[in-house]
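Worksheet: one structure, shown below.
No lab work stands behind these numbers, since they all come straight from the coordinates. All values derive from a computational prediction rather than experimental measurement. Don't worry about glycine lacking a Cβ; one is built from the backbone with ideal geometry, like all the others, and counts go over all protein chains shown.
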Amino acid sequence: MSRLLNRAATMPKATALPGFERIQRYWDPTNRCWTAKILPGEFYVTRDAEAVTTVLGSCISACIRDPQLGCGGMNHFMLPEEAAGGNGSWNAADGGASTRYGSYAMESLVNELLKLGGRRERFEVKLFGGGRILPTMTDVGMRNIAFAQSFLKLEGFKVAAQDVGDVYPRRIVYFPATGRVLLKHLRAIDSNVIASRETQYRANLGATTAGNDVELFD
């Protein structure tokens, strides 16, 4: 233990970029790096040699980086429940709450990378999550996958790798500096806890808005 602590002491904790100071970061002795842990509704961007991790059930995480600059980040989002009487489509022509929320999650991540000097044509994108982790749940995971894939296609971003759908939750560890991803399919016993958390998160989304519109810039 003392050796691990000494190792951590030799690796200074990078200063979080403005706006990301509240994200929890900890020393990961296994991967020997500082790691930012994001929760549903959060995202994190870094230009340092640190990792970003999260656990996904039916939520989606997009991992995006600029390989030339070595900067990148990850988000964690879910489309909100459709309002009663809605048409059930996230891509409705009139732009419903689901579209606005999903776009906000994706555009926020992209815009932060552009602010760091990232170039859209260099972006490397990897996509994870969207599992139907409990048979009794509606398949919101598939809606999340469809939204994310459609958004990336419309914006001209190619997906370099993905692990989406199926019936299990996932733990993701992403290293933006290199693009490396550690992926673990979790046991079914973990699904109830993750599903409960996501159900509460989804209910909260239905009672709030995504905030101000965000537009992609070059």
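Counting other C-beta atoms within 10 Å, which of 124, 21 has the fewest, and how do the rest follow? Write out the running numbers ahead of the final one.
Details: 124 17, 21 9.
Fewest-to-most ranking of 124, 21: 21, 124.
Taking 0.36 nm per residue of sequence separation and subtracting the Cα-Cα distance, how much length would be gained by fully extending the chain between residue 39 and residue 14, in nm to one decimal? List each step's numbers first, then the result.
Working: separation 25, 0.36 × 25 = 9.00 nm, distance 2.02 nm.
Full-extension gain reported as 7.0 nm.
Based on the Cβ-Cβ distance from residue 32 to residue 160, what FRET efficiency comes out when R0 is 30 Å, to the nearest 0.05? Please report the intermediate quantities before stating the final value.
Working: r = 25 Å, r/R0 = 0.83.
In this case the efficiency is close to 0.75.
Using the number of other C-beta atoms within 10 angstrom as an exposure proxy, rank 59, 71 with the fewest first.
Fewest to most other Cβ atoms nearby, the residues stand as 71, 59.
Among all the lysines, which ones have a C-alpha under 19 Å from residue 158's C-alpha, if same-chain residues fewer than 8 places away are not counted?
126
Treating cross-link reach as a plain straight distance, find the lysines whose alpha-carbon is under 17 Å from the alpha-carbon of residue 37, omitting any fewer than eight places away in the same chain.
Straight-line reach from residue 37, under 17 Å: 13, 184.
So which trypsin sites (Lys or Arg not before Pro) in the range 7-60 are both in a DSSP loop and have at most 10 other Cβ atoms within 10 Å of their Cβ? All intermediate terms of the calculation are to be shown ahead of the outcome.
Details: sites: 7, 13, 22, 25, 32, 37, 47; in loops: 13, 22, 32, 47.
Taking the range 7-60 and a limit of 10 other Cβ atoms within 10 Å, the loop trypsin sites (Lys or Arg not before Pro) found are 22.
Which of the peptides 125-133, 154-162 is most tightly packed, and how do the rest follow, judged by the mean count of other Cβ atoms within 10 Å per residue?
Values: 125-133: 24.2, 154-162: 13.8.
Ranking the peptides 125-133, 154-162 by packing returns 125-133, 154-162.
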